[in-house]
1. Do any residues in the range 293-322 that are within 20 Å of Ala187 (Cα to Cα) have Cβ atoms under 6 Å from those of residues that are among the acidic types (Asp, Glu) and at pLDDT 50 or above, where the two are at least six apart or on different chains, and which pairs are they?
2. Would you call Thr469 among the hydroxyl-bearing types (Ser, Thr, Tyr), in contact with a Phe, Trp or Tyr (Cβ under 8 Å, 6 or more places away or on another chain) and under 28 Å from Phe54 (Cα atoms)?
3. Limited to the range 412-441, what total is found for residues that are part of a helix (DSSP H, G or I), surrounded by fewer than 17 Cβ atoms within 10 Å (Cβ to Cβ) and modelled with pLDDT of 95 or more?
4. Within the range 137-173, how many residues are in a helix (DSSP H, G or I), out of contact with any helix residue (DSSP H, G or I) (no Cβ under 8 Å at 6 or more places or on another chain) and not acidic (Asp, Glu)?
5. Only one residue in Glu367, Glu312 is of a type in the set (D, E, K, R), surrounded by fewer than 20 Cβ atoms within 10 Å (Cβ to Cβ), within 26 Å of the chain's Cα centre (by Cα) and at pLDDT 75 or above. Which one?
6. Scan the range 334-353 for residues that are under 15 Å from Pro486 (Cα atoms) and in contact with a Leu (Cβ under 8 Å, 6 or more places away or on another chain) and jot them down.
7. Would you check if there is a residue in the range 476-487 being assigned to a loop (DSSP other than H, G, I, E, B) and either touching a residue at least 60 places away in the same chain (Cβ under 8 Å) or within 23 Å of Gln361 (Cα to Cα) (or both)?
8. Gln93 - would you say it is within 28 Å of Pro448 (Cα to Cα), in a helix (DSSP H, G or I), touching a residue at least 24 places away in the same chain (Cβ under 8 Å) and under 19 Å from the mean Cα position of the chain (by Cα)?
Amino acid sequence: MSILGLEAPTWLLILFVIILLYVYGMWGFSYWKDRGISGPKPLPFVGNGLDVFFKTGMHQSQLKYILEHGPIVGYFEGRKPQIIIGDLDTLRQILIKDFNYFQDHRRVSDLDFKPLDKGLTQLEGHEWKRIRNTVTPTFSSGKLKIMVPLINNACKTLLGRINDLIKSKDDINVKDMYGCLMMDVVASTNFGLQLDSVKNPENPFIKNIKNILSGGRLWLFAVAVMLPVVGKLFRLLGVGLFDPKSVNFFTDVTDQVVKERKSDPNNERVDFIRLMIDAHDMEIAKEEDGLKIHFDDEDTERTPTKKPLSTEEMMAQAVLFIVAGYDTTSTLLSFISYLMALHPDIQDKLVHHIEEVMEGQDSVTYEAITKMYYLDQIIHETLRLYPSAPSTDRLCTSTWTHDGLTIEKGVGVIVPIWAIHHNPNVWSDPERFDPDRFSKENKEKHHPMAWIPFGHGPRNCVGMRFALTTVKIAVVHIFRKYRAVPVKSTPIPIVSKVLGQVIPKDGIPLGFEKRE
């Protein structure tokens, strides 16, 4: 007897192969169930990857899992077991108290990540500590004060840009507008380059950084996470996440800038490459005196190392600062403007507070923005609702047990930032915008892990203070001159399922009006 031209034994063989593939595809997916940890049901081969990367979205799926399965959730990216830690006390134990068990980030794919493979987010163990120790002092308050004039100059260019956009009477995509601001800021503060990204869009620096900022081949990244063999295959073929032409461009630019800074140490031009060179030289000088270093604004002493940062390592940090600073800071400014447009009463209160602190002065100083407590409240609440990085992670490097929970070596730990910030069991009425949550009296009531937009512990975001300084200066410049207002195309509410991003792919359209 034959069916569709195939004999019964052939159909039995096909059925057997299908069953075999299913069993193999599901092999190992009992990992969390065997350990008594609840989680969503995985699909063969891809685990929960389709939900996380394509269907529901990364941060939304994490919140859904936590609300359905509890604050600790086991799930799978491809065949790899990962654990989401939404329990705040457990999270504090992992990120701070037992940091030595979780000091590295996950290596989620075998794809080539150059130039970011030598950046702080990708480095592990001793190499991470060495570079972190060299880079950290470049973000001290003293160094940030030096950067303020550069940020002010970029903001003045932005004000002219807003004025031109108002005259055009078109809706303003604030993500694009603030992206131009941050392009100018990061080029100036990282490489000492003066750009006007609107007037000079064909500048090679702008074209190459936009190429990297586009995220590279994100679809390839998602597939490589779910199916690791894909990452291995493309690495063998020399295919990386980012365009090698852009990688080579920034290698050459960094090499040129480093040579210029070293050949002319008396040049007063200040940028992060200069500061990285100076920070290393200071370590050598201190070490030769037999001293330990205590950098300003740091709580821990660190023993210096004589090994300098290579040009490739400097380039990796500089590009990382650009990639992280450009997107996260422009995203934060976009959401602040969005929330001010939707809450005009809070916008007016902010402007009144800014004018009280400024006392009629035009120049925005570092000292002035440190006094703007209501601006701090607005930024904190905006970052609660829309954290620029919706999640981060750690890798368990040695089997760890605490309060009955065991995480084995090699398991990835997911820190669900957005999910914690939107969890109704952590924050009352979490979707409501309320800056008073972060007033002095209310701030003390929060669990220290309830607000973690920059991560927490020794491996938190090294550029946090630079990002906040830039945002504060920009907000003061913008809202003293202009009022943000919603337009017909302004999305209410905002929903984004783009991989790893909370802002819609097409940005946020708003309007601006001149203040009288």
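1. Matching pairs, first to second residue: Thr311/Asp255.
2. When the stated conditions are applied, Thr469 does not pass them.
3. The total comes to 1.
4. Of the residues in that region, 8 qualify.
5. It is Glu312.
6. Those that are under 15 Å from Pro486 (Cα atoms) and in contact with a Leu (Cβ under 8 Å, 6 or more places away or on another chain): Phe335, Ser337, Tyr338, Leu339, Met340, Ala341, Ile346.
7. Yes: the range 476-487 contains one or more residues that are assigned to a loop (DSSP other than H, G, I, E, B) and either touching a residue at least 60 places away in the same chain (Cβ under 8 Å) or within 23 Å of Gln361 (Cα to Cα) (or both).
8. No, not satisfied.
The values are calculated or read from the model by the stated rules, or taken from the named source; none is laboratory data. Only a predicted model underlies this, so the values are computations on that prediction, with no experimental measurement involved. Positions of Cβ are backbone-derived with ideal geometry, glycine not excepted, and every protein chain shown enters the neighbour counts.
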